[in-house]
1. Assign unit charges at the C-beta atoms only (+1 for Lys and Arg, -1 for Asp and Glu), then state the dipole size of segment 86-226 relative to its Cα centre in Debye, rounded to the nearest 20.
2. Ignoring any ligand, DNA or RNA, what whole percent of the accessible area of segment 582-688 comes from carbon and sulfur when the probe is 1.4 angstrom?
3. What is the sum of charges, Lys and Arg at +1 and Asp and Glu at -1, for the other residues whose Cβ falls under 13 Å from the Cβ of MET722?
4. For SER606, what is the net charge nearby, where nearby means another residue's Cβ is under 11 Å from its Cβ and Lys, Arg count +1, Asp, Glu -1?
5. Compare the peptides 615-626, 732-743 by average per-residue count of other Cβ atoms within 10 angstrom and give them in order, highest first.
6. Give, to the nearest whole percent, the P(r) tail of segment 215-336 beyond 18 angstrom, counting all Cα pairs.
7. I want to check the label-to-label distance for ARG210 and LEU853. Put each point 7 Å from Cα in the C-beta direction and report it in nm to one decimal.
8. Kindly rank 496-507, 105-116, 252-263 from highest to lowest mean number of other beta carbons found within 10 Å of each residue.
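The values are calculated or read from the model by the stated rules, or taken from the named source; none is laboratory data. Quantities reported herein were computed from a predicted structural model and do not represent experimental measurements. Methodologically, a virtual Cβ is constructed for each residue, glycine included, from the backbone with ideal geometry; neighbour enumeration extends over all protein chains shown. The accessibility values were calculated without ligands, DNA or RNA, using every heavy atom of the protein model including side chains. Shrake-Rupley method; radii C 1.70, N 1.55, O 1.52, S 1.80 Å.
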Amino acid sequence: MPERGLARWLPRTVRDEIFLPARQDLRVAALSGRRPAHSRIGYGAAVFRLWLDCWRVFLVDLLPTSSPGPLMLTFATHLRQAARLLIRQPLFTTAAVLTLALGVGANAAVFAVVEAVLLRPLPYPAADELAILHHRDERTGFTKDYIAIGDFLDLAARQRSFSMLAAYNGGLATITGQGEPLRVRALSAGPGLLEMLGVRAVHGRTIDERDTRPGAARVAMLGHELWQTSFAGDETILGRRIRIGNVESEVVGIAPPGFGFPETARLGIIVPLILPPSAPAQRKSEWVFGAGRLARGGDVDSATVELETISAQLEREFAEQNQGSRYYATTLRDTLVGDTRRPLLLLLGAVGVVLLIACANVGNLLLARALGRRHEMALRVALGAGRGRLISQLLAESLVLSLAAGLVGVGAAYWGLPALVALVPPSVVAPGIRDVSINLGVLGVTVAVTIVTATIFSLVSALAVRSGHAGEQLTSSRVTVGAAARRSAAALVAIEIALAVVLLIGAGLILRSFAHLLATDPGFAPDRVLTMDVSLPADRYRTAEARAAFFAEGLEALRRLPGVGAAGAAVVTPLRGNNWTIGLVRADRPLPAGERPPDVGWQVASGGYFEAMQIPLRAGRLFQPTDGLGAAPVVIVSEAVAKQYFAGENPVGRRLRVNDGEAEIIGVVGDIRRASLTDRPRADLYLPFERLPGTSITLFVRSADSDPRALAPSMRQALRAMEPNLVVGETLSMNEIRSQSLASTTFALWLLGLFAAIALALAAIGVYGVMSYAVRQRTREIGTRIALGATERDIVWLVIRQGGVMAIAGLATGLTIGWFAARSLTTRLHGVTPSDPRTLAGAAGLLAAASILACYLPARRAARLDAAKTLAQSYN
């Protein structure tokens, strides 16, 4: 039979090498009933030869002419026949589709999140050129995003890696005079920032360079959503004045819809960042951020090299302020994604493993089905059907299964995606995380996954077709299983077990790390503590005395409320990632001239704060109302400061130099984990809130005997009775804040645990299916053994031993792969190592138990066979 289609364009030597020996061998095998010569070669070579047959399907059998019409007609015929065959076997089809849909749907959902966060373009022109400046203290290893404005101006003047550099700041602002006070996100934009981001006002104009000059009239832009909701989309707002904090500003423009920076979360207002005339000399106070657009052809690596060079210059010129300070740059996407990238890629790998396990399970289903059709296939070969035609039919059936599973999986992903996004911690501000959807890109990847799985299935099924020969199958009354098919089934189960072990190890390590964090002592008692962010109207409380008087009276009013045990105020909420630092030196041991003082963490807190948080007092006393304005400067230090600066001495009564002044130490309190539970306790310095009252603080109230959230209404009522325009912001219990600090670990634990459970179930089902099929194949042998006197225990052990070989192979492979793969979790683990023996042993033991149970069920069924009936049926 001459080659047709694309095969005609292959060189004659290639056609003879590939097609003629295989065809001749198959013809002889079909007529004589002996095994083809090429089937006696190695298993790997047989698989390779099978791939050649798949290519032959497309080169010869499916392309009879150069016209596309017959090709489409032939393949459409295969698809229709495949659909009819699968409809006639609803149980098999349902099991295969649902199993595969589980893997495809999980991959589609997780990839949708990955696409939105890591792949989708950021909403700025040429966003890949945008970068953010960062600040690292080489002495302590702490990384901070804040930059001293004097350093920023020097960096901007000396660098050549950026075409533009701009300063900015952000936070929350209060808008008053429009009814209920509004607490909104605000951006303070330095010169050139909005131009660099390509922002164009929907109405009016943007903030430009003249608005940022000292003495310029105060102006503001409204965020588009705030303009629509709070100002009814009224264009006449332009030119009117609104009060932001204690400053009246003219509205000059409306920002475009959805604009936000640096996070993509929507902004409420944009105001100019006005730099004071003394800005070039300000190197101790770090309060601005820096963003830039890379010069043409530049990258962040070369920009970082230049920034580090300039950092070294500044360190030599201003050693007292810049010792150990190093500046570097990262892309805007890397800054926004932060620690989210690794967990997302980890989860994407995990669902990929689930898909592979599902593929192996369905592959075994198809293999068993193909073995049951060997009489049918042998008859087709004997009647003249080409082996490629059979393989193409199996390919069509696998493709129909995969497409059906893809449709079901995408539907499940579409409905389950909101639940997946809801599990994402609110603290994750990665771009696009709240706009995840099943778009064309996600659908394209899903289609590709279904096509790949169809190819894998056809390969597995075709192996069963190829491993036999027509004469034997037509003359035999029983369906026999070739060695290649048995090896394929066992290999698929071993792969399932190995992959399940890998996921179980990952989930086990995350679980142990989570348990360690839960058991970590933060240095305070978070139970029964409620936090409430409050802000005073700045125009009514312009002086520190007025603010101090209000909060002193307010804290007393809170302490009188029923159910309140203690109440205090502070500027920084623990476990919120704060890394603020301040220079500290003993007054009696001044540093050499030009040397920068070491940094410690700092907090502004009232006396009641320590009681509300139950931070233990180790020596001295806490802050009192008499430590307020007009009193001598005092501070409280943590135990770490006492050990670091006053080893073997009593620090109470000693004096410290803090910035440019001196203060007396009046007390020593216990160390706390201020930034996060993963952070080690640091040296901290506490300044009296009574002396440094701001307009915005956080209240900390300890409930005496009930849920602290029940105190929120009465607290709000008591404070607003004193000041109706008080803005009450976020109100959370300390346990909720603690949970938020663990949110990323909890997120990873939930999903990894879910995928590991799915993998365990699929692996157990795979073992059960293969062993059940093996028992059916060995019915005659088992009946003979029982007739010769084998006991139930002997039969059970026979079956379990056969399954144990697969389980041991899978466990050994899985433990090896898992031991290496766990290294990728190193940065996510706390209190446990990637090679933790208890986790490895637990994962192996759990899967071994599941495998034994999956083997035991068919073994018990085999042991209860009626020997006489079984032998009679097998020989009929």
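1. So the magnitude is around 180 debye.
2. 49
3. With Lys, Arg at +1 and Asp, Glu at -1, the net is +2.
4. So the surrounding residues net to -2.
5. 732-743, 615-626
6. Beyond 18 Å sits 67 percent of the P(r) for segment 215-336.
7. It is 7.7 nm.
8. 496-507, 105-116, 252-263
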